[in-house]
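Encoded as structure tokens, the structure appears first; notes follow it.
The values are calculated or read from the model by the stated rules, or taken from the named source; none is laboratory data. Since the structure is predicted, the reported quantities are computational estimates derived from the model, not experimental observations. Virtual Cβ from ideal backbone geometry, glycine too; neighbours counted across all protein chains shown. Note: areas computed on protein heavy atoms with side chains; ligands, DNA, RNA excluded. Shrake-Rupley method; radii C 1.70, N 1.55, O 1.52, S 1.80 Å.
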Amino acid sequence: EYFLADGLAVGVEVKYLFAGDQALRIDKVEYSHSIASQVTSLGVRLFYPERPTAPPIDPKGGRMRLYGVLRVGGAAVTNPHVSDRFTIEPEPPAIGPFNQYFGGALGLDITRHVGVELVFEGYETNIELAGVGSVSEYAVYAVMPQLRLRFPLHGGRLVPYVLAGVGMATAETNDHKPRGANVELRTREPGIAAAIGAGLEYLVTRSVAVGAEAKYLYTHGLSLGLAGESRHEANLGPVFVSLGLRVYLWDF
């Protein structure tokens, strides 16, 4: 492991799992299968509370800080009607209208109030074809630089913020359903993406913050249609609601 900060270390780990053979039955024929295996992983170790030698949170934010973010949550489509033939519906793992959403970012807090970050995020939905049903999944991904305006409170530990960004979006169909076996879909990408949102986070330690964020994503240029027919604009207008873990990696 290597300590990036007083309470934050990154490292690599290699271990071997010793396990007995397991029985596996295929078409009523039983086989013996070994599940012993080698496991190699990269990890981040967070220490809480921090050691007494850890410097306090800087309430004035006088140093630039490099960070990474991981986000998980839901994406609710606000414009599901693509055309008279296509509508967008939540996929089976969805909770209500919220499809699974995953995101990540690499960013830099430049001053006490201003930061920039490069965001990678995406979600999946189902495509419903009139008269046929669910024919395929539709995945949308976005990559964009964002401006983040922060408003630290309570000595810099509680941080409300707003954000906005413009970048690129792309989409694809995948995991075709049995009803869509003979349905040939066409998409057009990439397109323009723009986002606006707000969030609130709390610094558990000087290097680790947890929080929640809500964001709206607009896309232009993505389209969906059947082969041999005209395609239709597919701006689904999703609202992302997510929980995040922000880890500060380096101070300048």
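Let's see how each residue does on (1) surrounded by 14 or more Cβ atoms within 10 Å (Cβ to Cβ); (2) among the polar types (S, T, N, Q):
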residue: 174; (1), (2): no, yes
residue: 190; (1), (2): yes, no
residue: 201; (1), (2): yes, no
residue: 237; (1), (2): no, no
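If you check 159, 143 for being open to solvent by 30 Å² or more (accessible area, probe 1.4 Å) and either within 15 Å of residue 69 (Cβ to Cβ) or part of a strand (DSSP E or B) (or both), only one passes: 143. Filtering region 79-115 to residues that are in contact with a Phe, Trp or Tyr (Cβ under 6 Å, 6 or more places away or on another chain) and either small (Gly, Ala, Ser) or over 26 Å from residue 186 (Cβ atoms) (or both) leaves 104, 107.
Set side by side, the residues 118, 46 differ, and just one is under 30 Å from residue 186 (Cα atoms), surrounded by 11 or more Cβ atoms within 10 Å (Cβ to Cβ), out of contact with any His (no Cβ under 8 Å at 6 or more places or on another chain) and aliphatic (A, V, I, L, M), which is 118.
Counting only strands (runs of 3 or more DSSP E) that sit completely within region 166-225, those holding 2 or more residues that are touching a strand residue (DSSP E or B) at 6+ places or on another chain (Cβ under 8 Å) and under 26 Å from residue 150 (Cβ atoms) correspond to 191-203, 208-220. Among the residues making up region 18-43, a single one is open to solvent by 90 Å² or more (accessible area, probe 1.4 Å), within 30 Å of the chain's Cα centre (by Cα) and of a type in the set (A, V, I, L, M, F, W, C): 42.
Checked against (1) of a type outside the set (S, T, N, Q); (2) modelled with pLDDT under 95; (3) buried (at least 19 other Cβ atoms within 10 Å of the Cβ), residue 232 meets all criteria but (3).
Consider region 49-81 and keep the residues that are of a type in the set (Lys, Arg) and either at pLDDT below 95 or touching a Pro at 6+ places or on another chain (Cβ under 9 Å) (or both). The one that is most open to solvent (accessible area, probe 1.4 Å) is 60. Tell me yes or no: at least one residue of region 152-166 is at pLDDT 95 or above and farther than 20 Å from residue 111 by Cα. There is at least one residue in region 152-166 that is at pLDDT 95 or above and farther than 20 Å from residue 111 by Cα.
Within region 82-95, does at least one residue satisfy the condition of being at pLDDT 95 or above, among the basic types (Lys, Arg) and either open to solvent by 60 Å² or more (accessible area, probe 1.4 Å) or closer than 16 Å to residue 242 by Cβ (or both)? The answer is no, given that none of the residues of region 82-95 is at pLDDT 95 or above, among the basic types (Lys, Arg) and either open to solvent by 60 Å² or more (accessible area, probe 1.4 Å) or closer than 16 Å to residue 242 by Cβ (or both).
Within region 84-97, residues that are within 14 Å of residue 139 (Cβ to Cβ) have Cβ atoms under 8 Å from residues that are exposed (fewer than 10 other Cβ atoms within 10 Å of the Cβ) in these pairs: 90/96, counting only partners at least 6 apart in sequence or on another chain.
For region 176-193, indicate whether the set of residues that are in contact with an Asp or Glu (Cβ under 6 Å, 6 or more places away or on another chain) and either closer than 17 Å to residue 126 by Cβ or modelled with pLDDT of 95 or more (or both) is non-empty. Among the residues of region 176-193, not one is in contact with an Asp or Glu (Cβ under 6 Å, 6 or more places away or on another chain) and either closer than 17 Å to residue 126 by Cβ or modelled with pLDDT of 95 or more (or both), which makes the answer no. State yes or no: is residue 74 under 17 Å from residue 8 (Cβ atoms) and touching a strand residue (DSSP E or B) at 6+ places or on another chain (Cβ under 6 Å)? Judged against the criteria, residue 74 is not a match.
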